[in-house]
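Only one structure is covered here, and it is reproduced in the block below.
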Amino acid sequence: MVVIGGIVGSGIFINPYLVARTLDTPALVLGAWIAGGAIALAGAFAYAELGQRLPKAGGQYVYLSEAWHPVVGFLYGWALLFMIETGAMAAVAMAFAQYALKLTGQTDSLVMVIAVSAIVLLSVINYLGVTPGSRVNNIFVTLKIAALGVIILLALWGPSSPSWLTAGRANPAPPATAALAFGAALIPILFAYGGWQSANYVAEEMRDAERQLPRALVIGTAIVVIIYVLANVAYLRTLGLTGLAATETPAADAAAKWLGAGGARFVAAAIAISTFGFLDLAILAPTRVYYAMAKDGAFLPSVAKLHPRFQTPGNAIVLQSVWAIVLLFTGKYGDLLNTVVFADWIFFGLTVAGLFMLRSRMGKPDGFRTPGYPWLPAFFVTVAVVVVYSVVREAPLRAAVGAGLLLVGVPVFYLFKRNSANV
C-alpha cells in the first residue's frame, strides 16, 4: 500500500496529455510509458537490495551517506525538503483542490484555500500517530486503484477511436528530433512513476523489513506499471492521439465520452481521492529523513525529537508542511513538476550508483540481490543522467534554481555538523 500510494498521485490522470503532445504516434506513447515502467522497476530492484542491507529510518538518506559521504546524504534530505517532496506536495495539493472544486461546482478562486487546508488536515492526522496516517493511506490507495480500474474497463469495453493504435501525426519529426522528444516525454512519465522509494523511508518501522521491503517494492511497482500502461491504452482507445494531446484533462474527457457529465464527475472524484491519498503518504513517509538527519547532528536538533505521546516526528511534519504551503504560491503545476524531477533524478542516479560502492565494500548480500547486476543498475544510472539533462534542456531556469539550492546546502551541512560537535 505504501509503495502504490507513493507512486499513484495526480500524474496518471493528467500527465498523459503532455506525453501525447511530445510524441508522434500512439506506439511511441505506449512505448514511453512501458520504458518508464521498466526504469521504475530497475530502480525498485536496486532499492530493494539497499533497503535490505540498511533497513533504517531515512531510506535514501542513509544509503547516500553510507555509500558516498554524509554530505551527499544531507544534500538529498535538503533537496527533499526544499524541492522534491514539498514540490510534489504543492503540485498534488493544487491538483486536489482544482478537482475537488470541479466536483462540487465551486469557482477556482478557492484553489489555494482548499490546497492549504488539505495539507494542514493531513499533517494533523499524521502528527497524531503512524497508525491513523497509515490507515488513511490504505483506504485511499484502495479507492484510487478501484477508480483507475473502472476507467480502464469502461475504455476496453466501450467504442474505440478509429485507428487509435496506428493513427499518428501527418508530419512526424525526423529521428534525431524524435529521440530528443522521447527523452522529454520521460520527464512527466517519470514524475508519475516516482515514489517507489516511499517504503524505504519507513523501513525501521516495518516488521521483518529485510524480507518484506524487497517484496513490497517489486510487487507494488509492478502493479503500478500494469495499471499505468492500461490507463494509457484506455485514453488512446477513447480519444486517439490527437484527442489526447488536445486536452489537459484526459481522464475526465475519456470518462465523459462513456458516461456524459456523470463520467466527468466520476473522474473528478477519482483524482480528488488519488491526490488526497498521495498527500497523506507524502507527509507520512519523508519526514523520517529529516528525523534521521537531525539524529546524525546534520540538521535542526528539534527535528530529531519524537512526540512524547504520539511517538511521531512531529516537528519534522510541521516543518515540511509549512514549506510545501510556501511552494504552493511559487509556480504552476508544470513548473513544480520540472523542479521535482530535476532534483529527484540526481539523487536517484547517485543512490543506485552507490549500490556499486556498497557491493565493493560489503560484498553480495545474503538475501535479495538486484537481478541483472551490474547491467540493470548501470542502465538506471544512465537513464538518470539523461533525465536530468532533459530537464535542464526543457526548463533551464528551474534547473538553475535547483542547482543553486543544492550548492547552498553544502556550507549549511558543515555548519550543522560543527555546531553539533560543539554541543
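Being of a type in the set (Gly, Ala, Ser), within 19 Å of VAL289 (Cα to Cα), over 18 Å from the mean Cα position of the chain (by Cα) and surrounded by fewer than 17 Cβ atoms within 10 Å (Cβ to Cβ) narrows it down to one residue among SER360, SER302; which is it?
Among SER360, SER302, only SER302 is of a type in the set (Gly, Ala, Ser), within 19 Å of VAL289 (Cα to Cα), over 18 Å from the mean Cα position of the chain (by Cα) and surrounded by fewer than 17 Cβ atoms within 10 Å (Cβ to Cβ).
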Pair list, Cβ under 8 Å, 6 or more apart: region 89-113 residue under 14 Å from ALA270 (Cβ atoms) and small (Gly, Ala, Ser), other residue modelled with pLDDT under 80 and not in a helix (DSSP H, G or I)
ALA95/GLY9; ALA95/SER10
If I ask for residues that are among the hydroxyl-bearing types (Ser, Thr, Tyr) and assigned to a helix (DSSP H, G or I), which ones from region 17-27 would you list?
TYR17, THR22
Subset of region 257-271 (residues that are open to solvent by less than 40 Å² (accessible area, probe 1.4 Å) and out of contact with any Leu (no Cβ under 6 Å at 6 or more places or on another chain)):
GLY260, GLY262, GLY263, ALA264, VAL267, ALA270, ILE271
For ASP335, work out the one condition from (1) closer than 14 Å to PHE82 by Cα; (2) within 16 Å of the chain's Cα centre (by Cα); (3) open to solvent by 30 Å² or more (accessible area, probe 1.4 Å) it doesn't fulfil.
(1)
Does region 86-134 hold any residues that are over 20 Å from PHE13 (Cβ atoms), at pLDDT below 85 and open to solvent by less than 20 Å² (accessible area, probe 1.4 Å), and which are they?
ASN126, GLY129, GLY133
Would you check which residues across region 68-83 are under 21 Å from SER360 (Cα atoms) and either buried (at least 24 other Cβ atoms within 10 Å of the Cβ) or under 18 Å from the mean Cα position of the chain (by Cα) (or both) and list them?
GLY73
Given the conditions (1) among the hydrophobic types (A, V, I, L, M, F, W, C); (2) more than 20 Å from the chain's Cα centre (by Cα); (3) closer than 30 Å to LYS417 by Cα, which single one is not true for ILE114?
(3)
Filter result for TRP375 (of a type outside the set (D, E, K, R), under 18 Å from ALA192 (Cβ atoms) and either without any contact (Cβ under 8 Å) to a residue 24 or more places away in the chain or open to solvent by less than 10 Å² (accessible area, probe 1.4 Å) (or both))
no
Quick one: in region 379-402, which of the residues that are at pLDDT 85 or above and either out of contact with any helix residue (DSSP H, G or I) (no Cβ under 8 Å at 6 or more places or on another chain) or not in a helix (DSSP H, G or I) (or both) is surrounded by the fewest Cβ atoms within 10 Å (Cβ to Cβ)?
LEU397
Report yes if some residue within region 298-314 is farther than 23 Å from LYS417 by Cα and of a type in the set (A, V, I, L, M, F, W, C); otherwise report no.
yes
Return the pairs, sorted by first residue and then second, in which the second residue is buried (at least 21 other Cβ atoms within 10 Å of the Cβ) and of a type in the set (D, E, K, R), the first residue lies in region 312-328 and is part of a helix (DSSP H, G or I), the beta carbons are less than 9 Å apart, and the residues are 6+ apart or on different chains.
ALA316/ARG288; GLN320/GLU85; ALA324/GLU85
Output yes when any residue across region 226-246 is of a type in the set (D, E, K, R) and modelled with pLDDT under 80, and no when none is.
no
Among the residues listed as LEU50, LEU30, the single one being in a helix (DSSP H, G or I), within 22 Å of VAL150 (Cα to Cα) and of a type outside the set (Lys, Arg):
LEU30
Flag for GLY240 being touching a residue at least 12 places away in the same chain (Cβ under 8 Å) and on the phi > 0 side of the Ramachandran plot
yes
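The values are calculated or read from the model by the stated rules, or taken from the named source; none is laboratory data. Only a predicted model underlies this, so the values are computations on that prediction, with no experimental measurement involved. Ideal geometry is used to build each Cβ from the backbone, glycine not excepted, and the neighbour counts take in all protein chains shown. What goes into the accessible areas is simple: the full protein's heavy atoms, side chains included, and nothing from ligands, DNA or RNA. Shrake-Rupley method; radii C 1.70, N 1.55, O 1.52, S 1.80 Å.
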